[in-house]
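Down below is the structure, laid out as C-alpha cells.
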Amino acid sequence: MTETLPSSLPLAESTPAPALPADARRRSHTFPPEVVAQIQRMADEGHYEIRGWGAKRHLPTFDDLVFLTASVSRYPLEGYREKCETKTVLGTRYASKPIELDIPITIAGMSFGALSASAKAALGRAASAVGTSTTTGDGGMTEEERAASKLLVYQCLPSRYGFNPKHLRMADAIEVVIGQGAKPGGGGMLLGQKVSQRVADMRTLPPGIDQRSASRHPDWVGPDDLRIKIEELREATGWEKPVYVKLGATRVANDVKLAVAAGADVVVVDGMQGGTGATQDVFIEHAGIPTLAAVRLAAEALREIDMADQVQLIVSGGIRNGADAAKALALGATAVSMGVGPLIALGCNSRTYLQDGVEHDATADYRALGTEPGYCHHMHTGMCPVGISTQDPRLEARLDPEWGTRRVINYLKSVTMELTTLARACGKSNVHNLEPEDLVALTIEAAAMAGVPLAGTNWVPGSSDCR
Amino acid sequence: MCGIVGLHLKNPELYPRLGELLASMLDCMTSRGPDSAGLALYGDDADHQPRMEIFKDVGLPREICERYGVAKRSGYQGIGHTRMATESAVTTEHSHPFAPAENMALVHNGSFSNHASVRRRLESDGIRFVTDNDSEVAARYIAHQVGHGADLGDALRMVLKEMDGFFTLLVTTATQFAVMRDSFACKPAVIAETTDYVAMASEYHALASLPGIGSATVFEPAPEEVYTWTR
C-alpha cells in the first residue's frame, strides 16, 4: 500500500513526462525494493512472513572453495577405466546393522504433509535405485514410502507426530531431530491448507488447522536426558539400527560433542541453507551458520574427542551438486544429505508438469501464488503448481511419479559422477580419501570458515599454522 | 620423481660386496632423483646381532656414497633411494630411507594422495613425525601396524587399504625384504632373483651389472602383490 503524493505542478495533458533525473532510482542498500515490499506486507498483514525453501541471501558457500587437482606432484585417475569407490557405511559405533550405501549422498527428511504421498514415494524409489537412503519427516511414516524405500531413516521429532514403536521397528535407522538448519531452535510448521484428513489422522490432530510443532522435545532437555532417550530407542530396536542425531548448525563444536556423548552413531549437521516446508522468513535468513563453516567445525569436534573414526558425519544444507558433495567430504563429512535438490529434480520450480503423458504449462499457477518458475518458495501454501508440496488431490495428480522418479535417479547419478570426477582428478580411488589439503579458498571468509588456505597463499585466517 | 634400489643377499660370499654393488645400482638412478640420496645397510655386528645403518644426505648419489664410504661396507641386505622432491623440502631429514622403527627402513617411489588424513589419524594415536614428507606417513603407518603385532606382509596389505595414490614400496626389517606396488602399478619396478640374491630397482639398467644377472629370473612385480624374502 503506497500513497501517491499530489504533484505540486499539475501538468498539461499534452506535456510529455519529464525524464527522471539520474539518481531517481538510486537503490537503497538498507531499504532496497524487496525490503520496502516486506515492510509494506507486514504493515498490511500484521504478522511475520512464513515461507518454504531455505536461505536466499548471499552467504559464503562451497562455491568459494576450489580443488587442487593432480598434475605433476600427484597423479589423477582415469575417469572411464579406473574405479573410484563411493560406498559409504553409517552407524558403525553401536548398531549391529549399520547402513550401507552405494553413494555418500542421501535424501534428507521431508515430511508427508509438507510433500504429497506420491512425491515421498518417488524420492524413496529413486533413492533405492541408486543405493541410498531416504528419510521420513515430521508426521510419521507412510506405507508408500516404506514400500518404496530400501533404506528408510525414521525421524524422531519433538512433535512426536506419527512416532510409534511399530514404525520404529520397520525403519532401517533412527534420526533424532534436535534441530533443522532452516530454523535451528524452532519447531515444525504445517499450515492448515496442507493438513488433509490423512495427514491429520497420522498426527492425531484436527484437519485444516495450522500446526506448530514443539521446538523442544518433551522427553528430554539437554544431552543428559537425550542419552536416556537414545538408549530407549536402541533397546526398542534391539541395538540393531544406527541412531543419528540431527542438529541445526549453531554452536556446532559443542553440539556435536554432546550428541556423541549422548550416544549418537551418526551426527547430521544441517547448515543454514537447509530447506524447510514452512517457517518464518526471519528464521530462515537470520539463524544458524552456513554449511561451509558447520562442516569444518563438526569434523574438528569429532577429531578433538578422537571419534572421527567411530562416528560418521552427514552434512546438509544447500548441497546441490557433486562439487558441493566433494568439498563437504574433503572437509570431513562421511556423506551429504539433500532435500531441495531432489525436489527440483522431481519438478519443483519447473515451468511445466507432465500429466497423463501431456506437458502442461504451470506459469499461471505460479503467478497466482505471486511468483514465477525458478523463484517459488511457496511450499507452505499447499498450492504447489507442480503437485509436489501439496495435499490437494487435484494438484497431486500433476506429479507423474514414474517421470519424477526417473529424474531424481538421473540427478543423483549425475551428482555422483561429478563427485567421482573431482575425486579422481585429485588422485583418489575412494571419494572418502578427499581431504582438506585438497582445497583452497577464493575468499578470506571461506578460508577462515573452512580452515583452508586462501588460494595462492599459505595463509589460513585465524590459524597460526601455515600450509 | 625418485629411484629405488635394493639388494637382499642369500649367498654370504657376496656380503663383503654389498656396499659396492648397491652404490653402483644407486648411481644408475641419479637421473630419477638428483636432489638427495640415501641408503639403509644391514649387517651383523660383533655379537652377531643384526644392525641397520642409514646414510642419507642432500646431493648426487655418487657424492653421498663417496662421502660415507658406502662401497667399502659389507652386509647382508640394503636399500637405496634417489629423490626428486615433489611437495616437501629438499633436506637430509626429508630424504629416504625413512627408519620408523628399530631395524626397519622404507623407500618409496610415487605420491600418496591421502597422506594428510592418515597422518592426522596416526598423530591422534600418539605417533610423532619428523617431516611433512608423504613417504614418512607410509613408513610410520607400517611401523605402527607392525608394532601392534602385524607381520610386515599384512602391514603392507593394510597400506593398500588405507593409503591412496601411486606407490612402489621397498621395506626392510632385520630379517625381511619386501616389495609392493599399488593397484595401478604405474611407478616402475623390476625384480631379479638368482640363487645368490634378490635385487630390486626402479629401472632394469640398475640391475644390469650385478653378477650372474644373465641367468637371473627377472620379472615385474604385479599390482597389489606383496613379495617378501626372509633371511
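A few points about this structure:
- The order of A:K183, A:K97 by accessible area, most exposed first and with a 1.4 Å probe, is A:K97, A:K183.
- Since only A:P385, A:G404, A:G317 are under comparison, the one whose Cα sits farthest along the positive direction of the charge dipole of region A:308-431, derived from C-beta charges on Lys, Arg, Asp and Glu, is A:G317.
- Listed by chain and number, the aspartates and glutamates whose alpha-carbon sits under 13 Å from that of A:K257, ignoring those within fewer than 8 places in the same chain, are A:D224, A:D265, A:E300, A:E304, A:D306.
- For A:W220, solvent-accessible area (1.4 Å; no DNA, RNA or ligand), Å²: 20 Å²
- Considering only the protein assembly as shown, percent of DSSP beta bridges that pair antiparallel, nearest 5: 70 percent
- Less than 5 angstrom separates the built amide H of A:C156 from those of A:E175, A:V176, A:V177, all sequence-distant by 5 or more or on a different chain.
- Inter-chain Cβ neighbour count for A:425-434, averaged per residue, equals 4 (cutoff 10 Å, partner chain atoms only).
- Carbon + sulfur, % of accessible area of the protein assembly as shown - ligands and nucleic acids excluded, 1.4 Å: 52 percent
- Debye, to nearest 20: dipole size of chain A, +1 on Lys, Arg Cβ, -1 on Asp, Glu Cβ: 420 debye
- Solvent-accessible area of A:K413, all protein chains in place: 110 Å² (probe radius 1.4 Å, heavy atoms, ligands and nucleic acids excluded).
- Helix-only [θ]222 nm of chain A, DSSP H runs n ≥ 4, -39500 (n - 2.57) each, per residue, nearest 500: -9000 deg cm²/dmol
- Given charges at Cβ of Lys, Arg, Asp, Glu: chain A dipole, positive-most of A:G271, A:F163, A:T457: A:F163
- Relative contact order of region B:150-201, defined on C-alpha pairs under 8 angstrom at six or more residues apart (%): 26 percent
- Cβ-based charge dipole, the protein assembly as shown, positive-most Cα from A:M141, B:A46, A:A287: A:M141
- Under 14 Å from the Cα of B:K161 - aspartates and glutamates, other chains or at least 8 residues apart: A:E85, B:D182, B:E224, B:E225
- Radius of gyration (Cα atoms) of region A:317-397, expressed as a multiple of 2.2 N^0.38 Å: 1.30.
- Pairs spanning more than 23 Å between alpha-carbon atoms, out of A:K150/A:K246; A:K97/A:K150; A:K183/A:K241; B:K72/B:K187; A:K97/A:K327: A:K183/A:K241; B:K72/B:K187; A:K97/A:K327.
- Pairwise centroid distance, computed over Cα atoms, of region A:327-356 with region B:4-36, Å: 58 Å
- Think of each Lys and Arg Cβ as +1 and each Asp and Glu Cβ as -1; about the Cα centre, that makes the dipole of chain B roughly 80 debye.
- Taking chain A and dividing mean pair separation by its residue count, relative contact order in percent (alpha carbons under 8 Å, at least six apart): 20 percent
- When the GluC sites (Glu not before Pro) in region B:100-146 are filtered for DSSP coil states and for at most 12 other beta-carbon atoms within 10 Å of their beta-carbon, the remaining sites are B:E102.
- In the distance distribution for the protein assembly as shown, Cα-Cα pairs more than 49 Å apart total 31 percent.
- Anchor A:K56: aspartates and glutamates whose Cα lies under 13 Å away (excluding residues fewer than 8 positions away in-chain): A:E34, A:D281, A:E285
- Partner shielding of B:115-124 amounts to 4, given as the average count of beta-carbon atoms from other chains within 10 Å of each residue beta-carbon.
- Sorting A:F67, B:F177 by accessible area puts them as A:F67, B:F177; the probe is 1.4 Å, largest comes first, and only protein heavy atoms count.
- Relative contact order of chain B, defined on C-alpha pairs under 8 angstrom at six or more residues apart (%): 23 percent
- Computed over region A:223-373, the Cα gyration tensor eigenvalues convert (square root of 5λ each) into semi-axes of 35, 18, 16 Å, ordered from largest to smallest.
- Evaluated at q = 0.07, 0.11, 0.13 Å⁻¹: base-10 log I(q)/I(0), Debye formula over Cα of chain B: -0.19, -0.48, -0.68
- Rounded to 5, the percent of DSSP beta bridges in region A:62-434 classed as antiparallel: 25 percent
- Ordered by 1.4 Å accessible area with all protein chains kept, B:H108, A:H286, B:H144 run largest first as A:H286, B:H144, B:H108.
- Equivalent-ellipsoid semi-axes of region A:62-434, from the Cα gyration tensor, Å, largest first: 30, 26, 19
The values are calculated or read from the model by the stated rules, or taken from the named source; none is laboratory data. Owing to the predicted nature of the structure, the values given are computational and were not obtained by experimental measurement. In this analysis, Cβ positions are derived from the backbone assuming ideal geometry, glycine residues included, and neighbour counts consider all displayed protein chains. Heavy atoms of the whole protein, side chains included, go into the accessibility calculation; ligands, DNA and RNA do not. Shrake-Rupley method; radii C 1.70, N 1.55, O 1.52, S 1.80 Å.
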